[in-house]
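Below: one structure, written as C-alpha cells.
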Amino acid sequence: MGNLFRSEEMTLCQLFLQSEAAYACVSELGELGLVQFRDLNPDVNAFQRKFVNEVRRCDEMERKLRYLEKEIKKDGIPMLDTGENPEAPQPREMIDLEATFEKLENELREVNQNAEALKRNFLELTELKHILRKTQVFFDEMADPSREEEQVTLLGEEGLRAGGQALKLGFVAGVILRERIPAFERMLWRACRGNVFLRQAEIESPLEDPSNGDNVFKSVFIIFFQGDQLKTRVKKICEGFRATLYPCPEAPADRREMAMGVMTRLEDLNTVLGQTQDHRHRVLVAAAKNIKNWFVKVRKIKAIYHTLNLFNLDVTQKCLIAECWVPVLDLETIQLALRRGTERSGSSVPPILNRMESFEDPPTYNRTNKFTHGFQVLIDSYGVATYREVNPAPYTIITFPFLFAVMFGDLGHGMIMAMFGAWMVLREKPLAAKKSDSEIWNIFFGGRYIILLMGMFSMYTGFVYNDTFSKSLNVFGSYWSVNYNASTVMSNKDLQLNPSTTDYQQYPYPIGLDPVWQVAENKIIFMNAYKMKISIIIGVFQMLFGVCLSLWNFIYFQRRISIYCEFIPQIIFLCFLFLYMVILMFVKWTNYGPSTGDVKTGPYCAPSILITFINMVLFKTNSAPAVCDAYMYSGQQAFQMLLVVVALICIPWMLFAKPALILRNKRKMHVPVSSNRHEARQLLCSVI
C-alpha cells in the first residue's frame, strides 16, 4: 500500500548474460517493462557499437514497412489490427522477414511502375482521341462556306487571289492545361505577330495525371500557320508551355482510321490496367493482414539490439555485462524472466543478477494501472518527483476533478461530460484496439477516467449551485415568499424581499441554492461572491495539505533542518495570513445576519473581508459607519499586526536559515571557505 503514495524502491543490479542467450533474455525483460539499463559505453560512437549493423537492418525493414503502409492507406484498404502483442522473433527469423519485405517492396514497385507507364500511355491515347474528335469539328467548320470571311481575315485578299498555293496552310495540334490557355494565346499572338490562327476547345471530363493521380483539366488546340519559320516558332512556344503535340493527319479518311485504331488500343489498355490494379490490390490486401504485427516485431527487434548496444563485452567476448535499475519488489519476477529467456535460447549457462551498492540517485518509478495512469501522466507533465518522494497522484484523483468542478459546476453539462467519459470507459477494449493516429483523440482516451470523474463532480457541484444548463431546478420549492398584493407585483418590475421578515422562512435550504435566485437581479453579484469565497477556502486548505505532504517527505528522509527551516516557517506564513482570512469569513457568516435584532451585527455593519485583509497587511485602521464597530472582535487590530509581523519574519527564515546552517556545519568540518560560500550561494538560489 505504501508504494501507492511513494515511488518504488529501486536497486542497481549487475547482469551477466551469455552472448547466445542475451537476445532472448532482453526480450523477456522488455515484455515486463520493469528494467532501466545504464549505458556502459558512453564514450563509444553510435556507429561503432557491436550491434549497429542489426539496428541498420531494422531501420531498413521499417522503411519498407512504411512504404507498404503508405500504399495501403492510399488505396483505402483497412489494416487488420487484432490487438495482439506478438513476441519478438528470434534473430534467425530476421532473414525471413527481410526477404519477405524485400519481395513485397520489389513486387509493389514493379507493379506501380508498370501501372504508371500504362496510365501514361492511356493518357496519351485519350488526349489523341479528343484531338481527333475536336480537330474534325474545326476542319468541318473551316470547310463551311459561311466561314469564308474568317479565311479572308486570316490570309488577306491577295493570298486568296494568288491561287491554290497561297491557301496551303500548315497546322499543329495538341493539348495544354486549361489554366495556361490565356497566356499561351497571348504569347502566340505576340511572338508570331498575329500571323497564326488558334482554335481551342475544352475537354469536358478531367484526365488523371499518372505521376500523382490528380485530376487535371485540359484543352485541345490547333494552330494554323504558313511557312516553316512560323512552324518552328510555334513548336518552341508549345514546348515552353509544356503543351503536348500529337500527329494529326490532314485527310479526313486518315483521321477516321487513326481514331478507330486509338479506340481499339484504349480498350486493350483498359483491360490490362484493370488486371494490373487487381494484382496490386491483392498484394496490398495480403500485406494489410500482417503489417501491424510486422511493425511490432521489427520495432521489438530494434529495441532489443539498441539495448544490447548499452552492454559491455567481457575479455573472452563470450559474455555480456549490463547494469540496470530494477524495483526491489520485482526482483523475483525479473529472475523468472531471465530464466525463461535462457530456456528459449537453449543456453546451458544461467544468467547472473547481482545487487550492487550505488551512491547515485535511482530513477523514479511509480507503479500505475489503467485508472491511475492518466493522473500520473498529468502529475509528471509538471515535473517528476525525486526518488522515494511522496507521489501526489493518488490525491490528485480527488482534488483535480473536484477543483475543476468548482469552476465548471453545471448539472447538465457535467452529465454530458460524465456520459462521454463513461462511454470511453465501457468501450475501453475495442477503442484501445483501434489505435487511432489522431493526437487529440489519444489525449481524450488516455484521460477517460479523468473526464468521467470531472463530469461526476461537476454534476455534484452543479446540484449544489442549482445550475442546470444555466437554469435552476425547483426540487424542494422556495423558502422565500412574496407578501406583496397582486396589484403591487404586477405594476412593479423590481421588488425586494426582506430576509429578516416573514419573506424568508428563517431556516436554511436543504442543499444548494434556493431557485428564487434565478430571477433575482443581484444573482450574478451574489453567485460570484459565493463562489469566490468557496474557491479561496478550498485553495487555502489545498496549499496547507501540500505543505503537510512536504513534512512527510522531511520525516522520511530524516531532514530535520528542512523541518525547522522550511516546513515550520511555511506553515506559519500560510496560517497567519491566509488561514486567518478564511477564519474571518466563517466569523462574518456566523456573527452577521439580517435577523440578529442588533444594528451592529446586521448586514449594514458587516465588514468586507477583502478590505479587512488589505488593511491588515498595510497596517491600516479599519473604517466603519458611526453606528457600527470597525472590528469583528475586541483586540483584532493588535492581533492582526502581530500575525503580519510574524509572517514577515518567516520570509527571511525560509530563505536564509537553511543555507546559513549548512555553511556553518561545513566550516566546522574544516572545508575551505570559498567552496562553502559557493555551495551556500547555490543552495540559496535553489531555495529561492
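Only one of the numbered conditions (1) in a helix (DSSP H, G or I); (2) open to solvent by 70 Å² or more (accessible area, probe 1.4 Å) is violated by Gln317, and that is (1).
Restricting attention to region 341-362, the residues that are closer than 15 Å to Val35 by Cβ and open to solvent by 90 Å² or more (accessible area, probe 1.4 Å) total 1. Entry remark, region 368-390: residues being in a loop (DSSP other than H, G, I, E, B), touching a helix residue (DSSP H, G or I) at 6+ places or on another chain (Cβ under 6 Å) and either closer than 26 Å to Ser535 by Cβ or not polar (S, T, N, Q) (or both) number 2 in total. Residues in region 225-240 that are among the polar types (S, T, N, Q) and under 22 Å from Leu177 (Cα atoms): Thr232 alone. Quick check on my filter: what residues within region 602-630 are more than 23 Å from Leu574 (Cβ to Cβ), assigned to a loop (DSSP other than H, G, I, E, B) and not polar (S, T, N, Q)? Answer for region 602-630, where residues must be more than 23 Å from Leu574 (Cβ to Cβ), assigned to a loop (DSSP other than H, G, I, E, B) and not polar (S, T, N, Q): Gly602, Ala606, Ala624, Pro625, Ala626, Val627, Cys628, Asp629, Ala630.
Screening Lys471 on (1) surrounded by 14 or more Cβ atoms within 10 Å (Cβ to Cβ); (2) over 30 Å from Thr396 (Cα atoms); (3) basic (Lys, Arg) shows it passes everything except condition (1). Given (1) within 28 Å of Tyr530 (Cβ to Cβ); (2) modelled with pLDDT of 90 or more, identify the lone condition not met by Cys605. (2) is the only condition that Cys605 fails. Of the set (1) in a helix (DSSP H, G or I); (2) without any contact (Cβ under 8 Å) to a residue 24 or more places away in the chain, all apply to Ala422 but (2).
Of all residues in region 81-99, those that are under 19 Å from Ser347 (Cβ atoms) have Cβ atoms under 6 Å from Cβ atoms of residues that are open to solvent by 50 Å² or more (accessible area, probe 1.4 Å), 6 or more apart or on another chain, in Pro89/Lys297.
Apart from one condition, Leu188 fits all of (1) more than 22 Å from Gln136 (Cα to Cα); (2) out of contact with any Leu (no Cβ under 8 Å at 6 or more places or on another chain); the exception is (2). Only one of these is of a type in the set (Ser, Thr, Tyr) and assigned by the TED database to the domain that holds Gln48: Ser348, Ser381. Name it. That would be Ser348, the only listed residue that is of a type in the set (Ser, Thr, Tyr) and assigned by the TED database to the domain that holds Gln48.
Taking region 509-537, which residues are of a type outside the set (Val, Ile, Thr), touching a residue at least 24 places away in the same chain (Cβ under 8 Å) and out of contact with any helix residue (DSSP H, G or I) (no Cβ under 8 Å at 6 or more places or on another chain)? Steps first, please.
Quick first cut of region 509-537, residues of a type outside the set (Val, Ile, Thr) only: 509-510, 512-515, 517-518, 520-523, 526-533, 535.
Now restrict to residues that are touching a residue at least 24 places away in the same chain (Cβ under 8 Å): 509-510, 512-515, 517-518, 521, 527, 531, 533, 535.
Residues satisfying the conditions are Tyr509, Pro510, Asp514, Pro515, Gln518, Glu521.
Here are Leu584, Leu574: which of them is touching a Leu at 6+ places or on another chain (Cβ under 7 Å) and either charged (D, E, K, R) or part of a helix (DSSP H, G or I) (or both)?
Within the list Leu584, Leu574, the selection yields Leu574.
Candidates are the residues of region 412-437 that are modelled with pLDDT under 90 and open to solvent by less than 100 Å² (accessible area, probe 1.4 Å); the one that is nearest to Gly83 (Cα to Cα) is Ala433.
Being in a helix (DSSP H, G or I) and open to solvent by 30 Å² or more (accessible area, probe 1.4 Å): is that true of Glu87 here? In short, no.
Anything in region 1-38 that is over 16 Å from Ile334 (Cα atoms) and outside any helix (DSSP H, G or I)? List them, or say none.
Within region 1-38, Met1, Arg6, Ser7, Gln18, Arg38 qualify.
Any residue at all in region 554-561 that's modelled with pLDDT under 95, open to solvent by 30 Å² or more (accessible area, probe 1.4 Å) and of a type in the set (Phe, Trp, Tyr)? Yes: one or more hits. Could you tell me whether Asp81 is open to solvent by 70 Å² or more (accessible area, probe 1.4 Å), at negative phi and at pLDDT 60 or above? The answer is no for Asp81. Applying the set (1) among the acidic types (Asp, Glu); (2) under 30 Å from Ile440 (Cβ atoms); (3) open to solvent by 50 Å² or more (accessible area, probe 1.4 Å) to Asp494 leaves exactly one unmet item: (2). Among the residues in region 125-145, are any at pLDDT below 85, of a type in the set (S, T, N, Q) and not assigned by the TED database to the domain that holds Ile301? Within region 125-145, one or more residues are at pLDDT below 85, of a type in the set (S, T, N, Q) and not assigned by the TED database to the domain that holds Ile301. The residues in region 92-127 that are within 15 Å of Arg57 (Cα to Cα) and among the basic types (Lys, Arg) can be counted, and the count is 1. If the condition is being open to solvent by less than 50 Å² (accessible area, probe 1.4 Å), of a type outside the set (S, T, N, Q) and outside any helix (DSSP H, G or I), then region 283-313 contributes Leu310, Phe311. Counting residues in region 438-446 that are in a loop (DSSP other than H, G, I, E, B) and open to solvent by 40 Å² or more (accessible area, probe 1.4 Å) gives one or more. The numbered conditions (1) within 20 Å of Lys129 (Cα to Cα); (2) modelled with pLDDT under 90; (3) buried (at least 19 other Cβ atoms within 10 Å of the Cβ) are all true for Leu207 except (3).
The values are calculated or read from the model by the stated rules, or taken from the named source; none is laboratory data. All values reported here derive from a predicted model rather than from experimental measurement. Positions of Cβ are backbone-derived with ideal geometry, glycine not excepted, and every protein chain shown enters the neighbour counts. Note: accessible area is taken over every heavy atom of the protein model, side chains too, but ligands, DNA and RNA are not part of it. Shrake-Rupley method; radii C 1.70, N 1.55, O 1.52, S 1.80 Å.
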